[in-house]
1. How large is ³J(HN,Hα) for each residue in the stretch 88-103, as worked out from phi by the Karplus curve 6.51 cos²θ - 1.76 cosθ + 1.60 (θ = phi - 60°), to whole Hz, x for Gly and Pro?
2. At what distance in angstrom do the alpha carbon centres of the stretch 407-459 and the stretch 236-285 lie from each other?
3. For the residue pair residue 471 and residue 299, what label-to-label distance in nm results when each label sits 7 Å from Cα along the Cα-to-beta-carbon direction?
4. Using a Förster distance of 51 angstrom, determine the FRET efficiency expected from the C-beta separation of residue 265 and residue 76, and round it to 0.05.
5. Using a 7 Å offset from the Cα along the Cα-to-Cβ direction at both residue 91 and residue 41, what is the distance between the two label points in nm, to one decimal?
6. Whole-Hz Karplus ³J(HN,Hα) for the stretch 391-399, in order, using 6.51 cos²θ - 1.76 cosθ + 1.60 and θ = phi - 60°, x for Gly and Pro?
7. What's the extension gain from residue 49 to residue 240 if we count 0.36 nm per residue and subtract their Cα-Cα distance?
8. Taking θ = phi - 60°, what integer Hz values does the Karplus form 6.51 cos²θ - 1.76 cosθ + 1.60 yield along the stretch 286-296, in sequence order, with x for Gly and Pro?
Amino acid sequence: MTAPAERRMSRVDTAWLRMDNDVNLMMIVGVWLLTPAITLDALRERISTRLLKYERFHQKAVADAMGAHWVDDDGFDIARHVVLETLPRRRGQGERAALQQRCGELAVTRLDPAHPLWQFHLVEHYEGGCALIARIHHCIGDGIALISVMNSITDGGSDPPQRHDIHDPHEAPDGDWLSDAVLKPLTGLAVKALNLSGSGMARSIDALAHPSHPLQGSLGIARSGLQVASDLAALALMDDDSPTRLKGKPVGRKVVAWGEPLPLDVVKAVGKALNCSINDVLLACVSGAIGGYLRAQGDDTTGQAIRAMVPVNLRPLEQAWQLGNRFGLAPLVLPIGITNPVERVYAVRHRMNQLKGSYQPLLAFGVLAVTGLFVKPVQDAVLGLFSKKTTAVMTNVPGPHEPLKFCGATLRQTMFWVPASGDVGIGVSILSYGGGVQFGLITDQALCPDPQAIIDRFEPEFQQLLLLALMLPWGEEAAA
């Protein structure tokens with residue numbers, strides 16, 4: 001028999017693999033709503049012929065003393081990964097509420113580590129069509145990568161490029177992109193620009209980027225890892241986040257919600273009128289919705305702000321098919337205490353501008369890489385520092401501009417939810433697709449039992465901005 005193909009998992013992907021805990025699983029959960037319905041046989045055929053061309057989807061993650069390997073699953077069975085799903089409904093419960101409930105349950109159901117870490121669940125009858133729930137472990141890829149993969153399996157999608165490299169199976173993929181594309185640029189002039197020359201940070205980055213021997217380098221990385229973390233003053237010395245009801249000890253029961261899409265061209269028009277980006281407008285709506293929810297619960301948000309960790313893509317989009325995790329994290333402060341919508345959008349714009357050109361996403365990526373070499377208790381302790389600094393994880397992923405087809409059906413709506421690490425209990429997702437942009441929310445039941453109450457505030461917040469934008473003199477810069 002031919003030995004199964006294997007490739008060493010990158011340091012960052014290893015960190016994500018081991019990040020699961022009792023209250024947060026590192027799964028990206030997504031939903032496709034399709035009209036008309038498709039069959040289970042058609043779905044399995046499409047997954048077999050398209051998705052399995054990406055090697056990660058027929059490989060399992062096998063841990064070892066140095067991290068983990070991707071190894072072909074010789075017991076792979078498509079019937080294990082593509083399954084039928086039923087939606088039990090309580091009396092008076094609508095279809096959407098039943099689907100949301102099931103998504104929340106699946107978000108805390110572990111994937112089988114003996115096989116590839118993904119599963120698709122087909123709900124055959126949903127709102128005149130069907131629904132497809134996808135669960136994919138974060139160690140396989142980040143949001144940008146998985147959107148690329150999911151688009152490729154739609155009708156007319158293209159296969160992934162063929163790899164032509166001959167690699168050492170014991171090396172990380174692509175020579176470990178971390179060293180080549182992140183750590184090396186941070187040496188030399190970049191480190192001096194950060195006023196870190198001569199510090200433990202500079203020495204640690206250099207050791208990470210240029211290990212003299214694989215084993216010696218790995219041991220050096222492990223020894224210097226805590227020094228790297230302690231030297232990240234911009235991240236580690238942040239104050240703990242505001243103590244709202246959305247921050248606390250999660251219990252590991254998830255609730256999800258989503259809303260109807262907003263017209264993307266209208267969002268763009270509002271941004272133009274306010275001299276802000278689309279992201280500024282959307283994040284101001286997020287801040288307003290969360291703040292309004294807290295005030296409706298009787299909380300005083302005066303002067304309050306919460307911090308959200310926002311993923312920042314660190315690779316060219318044309319390389320997304322390679323999968324893996326290649327993003328950093330930037331801390332964004334959401335001004336939930338500002339009730340004036342225009343004042344709030346300019347506060348968000350100011351904070352977004354402060355993040356532009358920041359090295360913090362690169363440094364956060366480096367921390368994830370280093371923790372991927374630690375034993376899990378040490379990794380958990382390092383990542384726990386981030387949990388204290390943030391209330392939410394928030395991501396904004398661009399999807400296709402035109403509606404897609406899948407097995408002949410129209411993909412009429414799509415949404416996904418990001419996982420949160422440590423004790424973070426809130427995940428906000430923004431996804432543009434088919435000319436619309438929509439919000440999704442996943443929360444821990446102990447911290448926010450009714451995320452739909454926040455979701456339902458997004459559109460009113462946007463309508464306020466739209467009304468005010470229409471009253472402004474277009475073509476002139478609005479005063480901040």
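Values quoted throughout were computed directly from the atomic coordinates according to the rules given, and no laboratory measurement underlies them. Bear in mind that the values here come from a model prediction, so they are computed numbers and not experimental data. Ideal geometry is used to build each Cβ from the backbone, glycine not excepted, and the neighbour counts take in all protein chains shown.
1. Values per residue, Gly and Pro as x: x, 10, 6, 4, x, 7, x, 4, 5, 4, 5, 5, 4, 4, 5, 4 Hz.
2. Answer, in whole Å: 10.
3. About 2.9 nm, to one decimal.
4. According to the calculation, E is roughly 0.70.
5. 4.0 nm
6. Using θ = phi - 60°, the values come out as 9, 9, 10, 9, 9, 10, 10, x, x Hz.
7. 64.0 nm
8. Working through the residues one at a time gives 4, 4, x, 5, 5, x, x, 4, 5, 5, 5 Hz.
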